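Read-outs: derived from the displayed coordinates by stated rules, not from any lab. Computed from a prediction, not measured in an experiment: that's the story for all the values here. Every residue, glycine among them, receives a Cβ derived from its backbone with ideal geometry; neighbour counts consider all protein chains shown.
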Amino acid sequence: MTHDLALQKASLQIERAGEGQTPVPVIRTFFDEATCTASHVVHCPVTRKAAVIDSVMDYDPAAGRTSFASAEQIVAYVKQENLTVEWQLETHAHADHLSAAPWLQEKLGGKLGIGKEILRVQNVFGKIFNAGSDFARDGSQFDHLFMDGEQFKIGDLEVTALHVPGHTPADMAYVIGDAAFVGDTIFMPDYGTARADFPGGDSRKLFHSIRRLLSLPPQTRLFLCHDYLPENRDHYLWMTTVGAERENNIHVHQGVTEEEFVTMRDKRDSTLPMPTLILPSVQVNMRAGHLPEPDDNGVSYLRIPVNQL
């Protein structure tokens, strides 16, 4: 499917939801302040079928311990609302938190999906972590790899998957009813846009991906994966609209040219430290949220490549 056709279908889907022809998704967000991550549960109000998007497994880097307090809140909510989880969706292989998707699958069910370009991420980071031949680089750790423009349903909700690379090669946005879940591609208007300097990232591709998202109808609700609380704001936010981003995004509002954006983004990225959890996060998330296979002593180990990032 071409970019334009995929976008047209997503836009039509949003307009139909706005006109009351299709259900409007019910969305509940769970914010993990430790990683500044917003995880979303979206469900169809008619069938009560649901998807969990960008879940968080708690990780203590000093002790190397994992826990699931954040994910347990999602389980409690799903059971309280009597929802049936059909999908565990990832917008990309995150560099700032570890995914709880496999644990949530055990508790709630649902197929685990991500964009098909995860294969590129697996190949790049498989080499960085020297993961060896035991690590499959074919995306087989996931239940489904989405193509650009692929359409599916959550109950009666129409969903379109859009490939929006730049932050990483594998970023996907999921347009669900009148809402789009855009991962790390763009942030609140007062914070700007995602970095593009990770292996496989590309600021020019990021610009085009953002412009693609901002071509959706202006009333489209955008649900973000992160908020880092800029200095002039005292509370976290994770929902905005296409119209608000077009008018007010400090990095990429209407009128900002591609060259201006690329220059700004590359210069800014050169000053940013790597995320605190990038090394544990990526080697877990490229495995669909699973820890590396245990050694012969039954313990899983995370590798720290020296002088590679």
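Which residue, of Glu158, Glu106, Glu86, is acidic (Asp, Glu), under 24 Å from Phe30 (Cα atoms) and out of contact with any strand residue (DSSP E or B) (no Cβ under 9 Å at 6 or more places or on another chain)?
Residue meeting the stated conditions: Glu106.
Read through the list (1) assigned to a loop (DSSP other than H, G, I, E, B); (2) closer than 30 Å to Tyr236 by Cα, then give the number of the only condition that Arg137 fails.
Going through (1) assigned to a loop (DSSP other than H, G, I, E, B); (2) closer than 30 Å to Tyr236 by Cα one by one, Arg137 breaks only (2).
Sort out which residues of region 280-302 are on the phi > 0 side of the Ramachandran plot and surrounded by 13 or more Cβ atoms within 10 Å (Cβ to Cβ), and write them in order of number.
Those that are on the phi > 0 side of the Ramachandran plot and surrounded by 13 or more Cβ atoms within 10 Å (Cβ to Cβ): Ala288, Gly289.
Restricting to region 156-182, name every residue that is in a loop (DSSP other than H, G, I, E, B) and crowded, with 19+ Cβ neighbours inside 10 Å.
Going through region 156-182, the residues in a loop (DSSP other than H, G, I, E, B) turn out to be 156, 164-171, 177-178, 182.
Across region 156-182, the qualifying residues are Val164, Pro165, Gly166, His167, Thr168, Pro169, Ala170, Asp171, Gly177, Asp178, Val182.
Given the conditions (1) under 11 Å from Asp143 (Cβ atoms); (2) without any contact (Cβ under 8 Å) to a residue 24 or more places away in the chain, and given that Glu106 satisfies all but one, which numbered condition is not satisfied?
(1)
If you take the residues in region 140-155 that are in a loop (DSSP other than H, G, I, E, B) and of a type outside the set (S, T, N, Q), which one is nearest to Lys9 (Cα to Cα)?
Gly149
Within region 49-83, track down each residue that is among the aliphatic types (A, V, I, L, M), in contact (Cβ under 8 Å) with a residue 60 or more places away in the chain and within 16 Å of Pro25 (Cβ to Cβ).
Within region 49-83, Ala50, Ala51, Ile53 meet the criteria.
Here are some conditions: (1) more than 20 Å from the chain's Cα centre (by Cα); (2) buried (at least 17 other Cβ atoms within 10 Å of the Cβ). Ile210 meets all but one. Which one does it not meet?
(1)
Report the residue count in region 108-134 for those that are charged (D, E, K, R) and either part of a helix (DSSP H, G or I) or in contact with a Phe, Trp or Tyr (Cβ under 7 Å, 6 or more places away or on another chain) (or both).
So the count comes out to 4.
Of the residues Val46, Val78, Val52, which single one is outside any strand (DSSP E or B) and either in contact with a strand residue (DSSP E or B) (Cβ under 7 Å, 6 or more places away or on another chain) or buried (at least 19 other Cβ atoms within 10 Å of the Cβ) (or both)?
From the options Val46, Val78, Val52, the qualifying one is Val78.
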